[in-house]
1. Hey, can you tell me all the residues within region B:140-165 that are surrounded by 24 or more Cβ atoms within 10 Å (Cβ to Cβ) and farther than 15 Å from A:L167 by Cα?
2. Looking only at region B:20-31, decide whether some residue is within 16 Å of DNA strand C (Cβ to nearest atom), open to solvent by 70 Å² or more (accessible area, probe 1.4 Å), closer than 25 Å to B:R169 by Cβ and within 14 Å of chain A (Cβ to nearest Cβ).
3. For region B:146-162, which positions are more than 8 Å from chain A (Cβ to nearest Cβ) and in contact (Cβ under 8 Å) with a residue 12 or more places away in the chain?
4. B:R9: more than 8 Å from DNA strand D (Cβ to nearest atom), assigned to a helix (DSSP H, G or I) and exposed (fewer than 15 other Cβ atoms within 10 Å of the Cβ), yes or no?
5. Would a scan of region B:75-93 turn up a residue that is within 13 Å of another protein chain (Cβ to nearest Cβ), farther than 17 Å from B:V156 by Cα and in contact (Cβ under 8 Å) with a residue 24 or more places away in the chain?
6. Within region B:165-174, is even one residue at the interface with another protein chain (Cβ under 10 Å from one of its Cβ atoms) and among the charged types (D, E, K, R)?
7. Can you name the residue in region B:175-192 that is at the interface with chain A (Cβ under 7 Å from one of its Cβ atoms) and open to solvent by less than 30 Å² (accessible area, probe 1.4 Å) and, of all such residues, is farthest from A:L118 (Cα to Cα)?
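The values are calculated or read from the model by the stated rules, or taken from the named source; none is laboratory data. Since the structure is predicted, the reported quantities are computational estimates derived from the model, not experimental observations. Every residue, glycine among them, receives a Cβ derived from its backbone with ideal geometry; neighbour counts consider all protein chains shown. Side chains are part of the model used for accessible areas, which takes the heavy atoms of the whole protein and leaves out ligands, DNA and RNA. Shrake-Rupley method; radii C 1.70, N 1.55, O 1.52, S 1.80 Å.
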Protein chains: 2
Amino acid sequence: MSVQERKQRERADRERLIVATARELAEQQGWDAVTTRRLAERIEYSQPVLYSHFRGKREIIGAVALEGAAEMAAALRAATSAADGPRARVTALARTYLDFAERNPAVYDAMFQLDGGLAFAREETPEPLKDAFAALLESLGEVAGDGVHPALFTEVFWASLHGLATLTRAGRLPPGDTEQRVELFVERLAVL
Amino acid sequence: MSVQERKQRERADRERLIVATARELAEQQGWDAVTTRRLAERIEYSQPVLYSHFRGKREIIGAVALEGAAEMAAALRAATSAADGPRARVTALARTYLDFAERNPAVYDAMFQLDGGLAFAREETPEPLKDAFAALLESLGEVAGDGVHPALFTEVFWASLHGLATLTRAGRLPPGDTEQRVELFVERLAVL
DNA sequence: TCGATTGTCTAGCGGTGCTAGGATCGAATC
DNA sequence: GATTCGATCCTAGCACCGCTAGACAATCGA
């Protein structure tokens, strides 16, 4: 094990520490509290060290978003594979999605609300993001209905989930009726 | 016409100028560019003047949001009243909503993405916001379907529209297929 | 005309993201 | 083992942010 290898490993460790700390801080106190100074202090390095790993704060948000996308994809697949039949799968998918958004608000923001400098719905879209969409597509494609393109249906279904997630969390919708809303729009949107 | 009345009128004028300028600047260069300094410079007063009208930047965003809500409500009502039959009304509503979001991205952000310090879905919710929701409810209530609470249906429909609007504008959804998405989810969600 | 009040401005506080340039440390060479 | 030298890191500082205290000028009422 060469010295160089050890250094690379330590550098990678520190990068993970930065991302994990940013995420933790964001979940604890919101993204506004994630300043480069506070972040640097928490990882016990000076500010400029952050910039040797990331181009700026935006890229750090992007890294948290990618981490979140991978987790969300895994959660969605776990939930849908444990469900029997299309209806149960779609319901499980919707619940898991909203649950993820509620349990990890900062990560969800990093993925879909904030600017993490990531490309979406494009060729150069990072793999975790594509995969998260694929996870949605896997369960939603089968309930798109005849003559409806699975990707288009998935986009619409996803947008609805996203709308529910964000409006609920931002206090734009009365809290509490989430379950009813989910049932209603699963029932209507999906062809079962 | 007393001197005091003239002063009050001038003060109200200036307040409108602040809101209009903030909105204009936000639409031109994004809300990040709306700093208190730039805003003050544009209205040709010093920074502290802003604070004699509003508690802070947040309240200015809130004022823009209220203005936007009133406009959106008017646009929705104009569109739906010009349409014949429930189906045409709902489609017109959806198109108008998304069109408003696309044409006035900064205002839309002020209403639903940013923190304007406004209360939503509560007793003390400002009138324009309640009225915008009412405008949605008027056309959507009639297609909620039997046994489904109109308000609940409106919330779900609205959330879907909101999801489409935000994901599209943030580049999270491929642009261009908006019309197809609208047709699909109007067809599915509404009971026609 | 003079004091009080109102209105506005200048200047500055503590914070932000980000970076230039110097200090330090450790690895490789002689 | 001493010395060089490059990589690594930190101190200090930039321009900007939202917001406010306190000085100043204009206006009003007596």
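1. Correct list: B:L140 only.
2. If we filter region B:20-31 for residues that are within 16 Å of DNA strand C (Cβ to nearest atom), which is where we start, we get B:21, B:30-31.
This time we only want the ones that are open to solvent by 70 Å² or more (accessible area, probe 1.4 Å), so: none.
No, region B:20-31 contains no residue that is within 16 Å of DNA strand C (Cβ to nearest atom), open to solvent by 70 Å² or more (accessible area, probe 1.4 Å), closer than 25 Å to B:R169 by Cβ and within 14 Å of chain A (Cβ to nearest Cβ).
3. At the first step, the residues of region B:146-162 found to be more than 8 Å from chain A (Cβ to nearest Cβ) are B:146-147, B:149-151, B:154, B:157.
If the condition is that a residue be more than 8 Å from chain A (Cβ to nearest Cβ) and in contact (Cβ under 8 Å) with a residue 12 or more places away in the chain, then B:D146, B:P150, B:A151, B:T154, B:F157 are the ones that fit.
4. Values: more than 8 Å from DNA strand D (Cβ to nearest atom): yes; assigned to a helix (DSSP H, G or I): yes; exposed (fewer than 15 other Cβ atoms within 10 Å of the Cβ): yes.
Here the answer is yes, as B:R9 does meet what is asked.
5. No, region B:75-93 contains no residue that is within 13 Å of another protein chain (Cβ to nearest Cβ), farther than 17 Å from B:V156 by Cα and in contact (Cβ under 8 Å) with a residue 24 or more places away in the chain.
6. Yes, region B:165-174 contains a residue that is at the interface with another protein chain (Cβ under 10 Å from one of its Cβ atoms) and among the charged types (D, E, K, R).
7. Of the residues in region B:175-192, the ones at the interface with chain A (Cβ under 7 Å from one of its Cβ atoms) are B:177, B:180-181, B:184-185, B:188-189.
From what's left, open to solvent by less than 30 Å² (accessible area, probe 1.4 Å): B:181, B:184-185, B:189.
On the way: B:R181: 24, B:L184: 28, B:F185: 28, B:L189: 32 Å.
The residue in question is B:L189.
A quick yes/no check of all residues on (1) among the hydrophobic types (A, V, I, L, M, F, W, C); (2) under 19 Å from A:K130 (Cα atoms); (3) more than 16 Å from DNA strand C (Cβ to nearest atom):
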{"site": "A:E71", "(1), (2), (3)": "no, yes, yes"}
{"site": "A:A74", "(1), (2), (3)": "yes, yes, yes"}
{"site": "A:R89", "(1), (2), (3)": "no, no, yes"}
{"site": "A:A92", "(1), (2), (3)": "yes, no, yes"}
{"site": "A:T96", "(1), (2), (3)": "no, yes, yes"}
